[in-house]
Each structure stands twice: as C-alpha cells, then as structure tokens.
1. What shape does the stretch 46-103 take by its C-alpha gyration tensor, where a ≥ b ≥ c are the square roots of the eigenvalues and a/c under 1.5 counts as rounded, a/b above b/c as prolate, and the rest as oblate?
2. So which trypsin sites (Lys or Arg not before Pro) in the stretch 1-58 are both in a DSSP loop and have at most 16 other Cβ atoms within 10 Å of their Cβ?
3. Let me spell out the model: positive unit charges on the Cβ of Lys and Arg, negative unit charges on the Cβ of Asp and Glu, origin at the Cα centre of the stretch 63-112. What dipole size does that give, in debye rounded to 20?
4. Within the stretch 20-127, which chymotrypsin sites (Phe, Trp or Tyr not before Pro) sit in a loop by DSSP and count at most 15 neighbouring Cβ atoms inside 10 Å?
5. Which value results when the Cα radius of gyration for the chain is divided by 2.2 N^0.38 Å?
6. With the other protein chains left in place, how much accessible area per residue, in square angstrom, belongs to the chain at a 1.4 angstrom probe?
7. Which residue fluctuates most in the GNM of the chain (Cα springs below 10 Å): 20, 11, 106?
8. Of 44, 56, 89, which is the most mobile in a GNM of the chain whose springs link Cα atoms less than 10 angstrom apart?
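The values are calculated or read from the model by the stated rules, or taken from the named source; none is laboratory data. Worth saying up front: this structure is predicted, and the values here are computed from it rather than measured. Every residue, glycine as well, gets a Cβ built from its backbone with ideal geometry; the counts of neighbours run over all protein chains shown. Remember, those area values only see protein heavy atoms, side chains included, never the ligands or the DNA or RNA. Shrake-Rupley method; radii C 1.70, N 1.55, O 1.52, S 1.80 Å.
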Amino acid sequence: QVQLVESGGGLVQAGGSLRLSCAASGRTFSRSRMGWFRQAPGKEREFVAAISWSDESTYTADSVKGRFTISRDNAKNTVYLQMNSLKPEDTAVYYCAASSRAWITLATMTQADFGSWGQGTQVTVSS
C-alpha cells in the first residue's frame, strides 16, 4: 500500500549520534501514522517511536526517551529518527512503518497496526 525506504544507518561509537530517514510514497491516508521499530539479533521486534502526519503528535518508548526524537517533513514525505547519546544496546536493524489507523492513540500502537514496512537499516554502536 505504501513504499518506504530507510537510510542513514551505520557504525558509531557509544555516545555518538545518527539520523535515520524514511522516504514514503503512496496513498496519503495509508500513512496517517508513521513509526520506527528495531530488532536486535535474537530479540523480539521493539517499538521505538511514532508520529502523526496531521498534527505532528509523537510518542517515544521509555527505552529511548530523552535520547531519540521522531520528526517529519511533509514537503519531502520523509520521517526522521534523530538518535543521540547512543548506547551499545541500541544496536539493531531499524525499520520504518506506516499505518492507516488514524483513530488509534500513538501510545497504544503495535506492530499489527502498521500495514507497510521498509526493509530496514542497520545501526551498530560500539563500546
């Protein structure tokens, strides 16, 4: 329904920063909510952050709150994840996702609420 392409991953030292980008295309109503998830080797996929296209409301998981910030650029149809003060435990493949369920509160969204996914970008944080 929506095509998503992530970029910006890489290798950084602990305490460093990265900015991930997610370029979106397709029906606008199919991406009324955008989110970031991550999955480390041997672990379950984890919610990171979400944002609304319409009102720019955001929600960030406790594990990254205060360090990660989600934002968007409507003109470029792009969502960003600014990651600061990175820790080795942040190492994972980061996935961008889109949802058409505009009526769902951001704080309660799960993987099942997102219908479109990017292919992921690797983030590695060394200690």
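1. On the way: a/c = 1.90, a/b = 1.74, b/c = 1.09.
Prolate, since a/c reaches 1.5 and a/b exceeds b/c.
2. Numbers: sites: 19, 27, 31, 33, 38, 43, 45; in loops: 27, 43, 45.
Listed in order of number, the matching sites are 27, 43, 45.
3. Details: 6 positive and 3 negative charges, 23 e Å.
Here the size comes out at about 120 debye.
4. Working: sites: 29, 36, 37, 47, 53, 59, 68, 80, 94, 95, 103, 114, 117; in loops: 53, 103, 114.
When the chymotrypsin sites (Phe, Trp or Tyr not before Pro) of the stretch 20-127 are filtered for loop state and at most 15 Cβ neighbours within 10 Å, 103 remain.
5. Numbers: Rg = 13.5 Å, N = 127, 2.2 N^0.38 = 13.9 Å.
In units of the 2.2 N^0.38 Å rule of thumb, it is 0.98.
6. Working: 6380 Å² over 127 residues.
Per residue, the chain has an accessible area of 50 Å².
7. Of the options given, 11 has the highest mean-square fluctuation.
8. Looking only at 44, 56, 89, the biggest GNM fluctuation is shown by 44.
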